[in-house]
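Report on one structure; see the data block that follows.
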Amino acid sequence: MSADRHNQSTIRFDRKGASAGFPETVGLTILFHPQVDRVGDIAPLMDYVSNERALVSRIEPVFRKPNGRRTDALASPVLSRKPLQIEVTQDGGISICNTSDTVEAIADSEVLRPSRSFSRAEFYRGIVLSLADRVALLLHPMQVTRNHSDLLGIIGYSPPIQRLRSAILNVADFDVPVLLQGESGVGKELVASAIHRYSRRNGRPYVCVNMSAIPSSLAASELFGYVKGAFSGAERNHSGYFCDAEGGTLFLDEIGETTLEVQSVLLRAIENKKLQPIGGKIRDIDVRVIAATDFNLERAVKKGLFRGPLLQRLSGYRINIVPLRQRRDDIGRLFVHFLRSELEAIGQVDRLQERSPGRSWITAGLVAQLAEYEWPGNVRQLQNVTRQLVISNRDSRELNADSVLDELLTRKNLPDAEEMPTQNQPVKKRRVAELSDQEIIDVLRRHRFNLNLTCSELGVSRNWLNKFIEHCPYLRKAKDLGEEEIRLCAAECGDDINAMAARLEVSLRGLQLQIKRLGM
């Protein structure tokens, strides 16, 4: 990066070791096209550090599949030959100008009249473009990655998904426990299934267990089984999950929600590779364990809510699965995949075909809304939304959001103006007992860990919220962040410290203090 741009960074510290996180290229990914097989096509436009100007129109650039196969320009007849002009600004942001007087171009929900500038953080998040309500594109940093010929059953070609596939293949044939971490709905069970499928245990049993559903009183019998007559009501032998998975893989989902008592029996089984059914004899077991959680287990260990030895046993290899909002270029690919599946189920898959040149059942504007949404429920939520769209538009000539989805997709990260407290409109206080931990965490995430906005919505004091964060086992603190993680995040967020705080899920003030503590 040039010295000028470096000096204009939002936070200034040595970039040593962080250069690998910078984008190689400014690129486009097709979020929607009337020819739905074009969704997911990509077009590298220009080097991020160049002084070039990229042009986007009906006839340029030429796109390609992520595997490198050339496809075509956008080529929709309703698009103009007069291009959008895109260039990198001096501060590392993006400027977009619409040179056409006839074709409307919308960028992040605002019409280009005729131009608009975006910050570096907005570029790193991904700028959603809608052209004539026929084509939706994502303008975003694009890095060269190795594309796997086998998708491993995972939809997407974004760099995080490519790294995820590599991690799966790297660990699959090592017979070690794997700990999957990521928010609810990111696809942890899908990853666990792929690890089993590509391991030497493929063809042997694969057993999934929701650990949060096992009460402490039944843990031993459910996990290890019992023999007939072991207790009152034991009228037959019961094998248990470990025995069911013998020779194969046992997937322990929601491991962070298990009680300490259940954790104890798990630790003994995994550590000793032996189990004892209730009323039976000790026997050896041959089971590979994959565990998954959306909790911060290190924080839970510090608070005495999770056993450290069990965490170490489960952490033979860790895989972090990024949330959907951090791989926005996959949203179009996932949406079309889910659409196809739902339409096939009702015999209407032909709706995906282009009705006439440049027209289709799907509108680019709706897909643009999907791409701009933050998706707190991740891929699972997108799948559910797609299903609702198909059902509510079963007899419609055009796919439109119904009233429920319209409210969801147009909801912004910030409260509406009339909901924001003012000096003359005090915040309505709520009883702390009415707030669940998950509700507080959800509000923090929705406001990208802006404490003032979170306090305003919840009706709690800043002092109370600080204490909650300090003692909550499911949230990490800025003081726990290491220098390497901060540097990598800074590179990914273009040194925008507000975006960094949101990405790392810590308070802005806490992150600033930690950067100072580390001498960065």
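Apply 1/(1 + (r/R0)^6) to the Cβ-Cβ distance of Leu218 and Glu298, taking R0 = 35 Å, and write down the FRET efficiency to the nearest 0.05. Write out the running numbers ahead of the final one.
Values: r = 28 Å, r/R0 = 0.81.
So, using R0 = 35 Å, E works out to roughly 0.80.
Just to confirm the filter: which trypsin sites (Lys or Arg not before Pro) across the stretch 166-263 are DSSP coil and have at most 10 other Cβ within 10 angstrom of their Cβ? Mind showing how you got there, number by number?
Numbers: sites: Lys188, Arg197, Arg200, Arg201, Lys228, Arg236; in loops: Arg200, Arg201, Lys228, Arg236.
Filter output for the stretch 166-263: Arg236.
Could you pull out the GluC sites (Glu not before Pro) across the stretch 197-271 that fall in loop regions by DSSP (anything but H, G, I, E, B) with no more than 10 other Cβ atoms inside 10 Å? Don't skip to the end; give the middle numbers.
On the way: sites: Glu222, Glu235, Glu246, Glu254, Glu257, Glu261, Glu271; in loops: Glu235, Glu246, Glu254.
Those satisfying the criteria are Glu235.
With an 8 Å Cα cut-off and a minimum separation of 6 or more residues, compute the relative contact order for the chain in percent. Numbers along the way, then the final one.
Values: 926 pairs, mean separation 83.1, N = 520.
Worked out over the chain, it gives 16 percent.
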Practice task
Give, to the nearest whole percent, the P(r) tail of the stretch 130-232 beyond 18 angstrom, counting all Cα pairs.
Solution key: 65 percent
Problem - Positive-end residue, the chain charge dipole about Cα centroid, Cβ charges, pick of Asn272, Val135, Ala121 - result: Asn272
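For the chain, what is the convex hull volume of its Cα atoms per residue in Å³?
Details: hull volume 96.7 nm³, N = 520.
Considering the Cα atoms of the chain, their hull volume per residue is 186 Å³.
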Problem - Low-density loop cleavage sites - trypsin sites (Lys or Arg not before Pro) in the stretch 327-359, where at most 13 other Cβ are within 10 Å (DSSP) - result: Arg355
Exercise for the section: Using only C-alpha atoms and all pairs of different ones, pull out the Kirkwood radius for the stretch 60-117 in Å with one decimal. Expected result: 13.1 Å
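Taking only the Cα atoms of the stretch 453-520, how large is their convex hull per residue, in Å³? List each step's numbers first, then the result.
Working: hull volume 6.1 nm³, N = 68.
Dividing the Cα hull volume of the stretch 453-520 by its residues yields 90 Å³.
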Fill in the blank from the handout: Descending packing, highest mean Cβ count within 10 Å first, for 53-62, 509-518 is 53-62, 509-518
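Just need the Rg to Rh number for the stretch 159-320, please, alpha carbons only, Kirkwood Rh. Before the final figure, lay out each step's value.
Working: Rg = 15.8 Å, Rh = 16.2 Å.
Ratio of gyration radius to Kirkwood radius for the stretch 159-320: 0.98.
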Exercise for the section: Work from the charge dipole of the chain (Cβ charges, +1 for Lys and Arg, -1 for Asp and Glu, about the Cα centre) and give the residue of Leu465, Ala371, Ser341 farthest towards its positive end. Expected result: Leu465
Handout entry: Set Lys188/Lys228; Lys188/Lys281; Lys467/Lys516; Lys188/Lys273; Lys302/Lys516 screened for pairs whose C-alpha atoms are more than 28 Å apart
Key = Lys188/Lys228; Lys188/Lys281
Problem - Length-normalised contact order for the stretch 197-283 - Cα pairs under 8 Å, 6+ apart - percent - result: 38 percent
Problem - Bridge type composition, the chain - antiparallel percent by DSSP, nearest 5 - result: 70 percent
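Each reported figure results from applying straightforward, stated rules to the coordinates on display, with no laboratory input. The model shown is predicted, which means the values in this text are computed figures rather than measured ones. Counting neighbours? That spans all protein chains shown, and the Cβs are built from the backbone with ideal geometry, glycine included.
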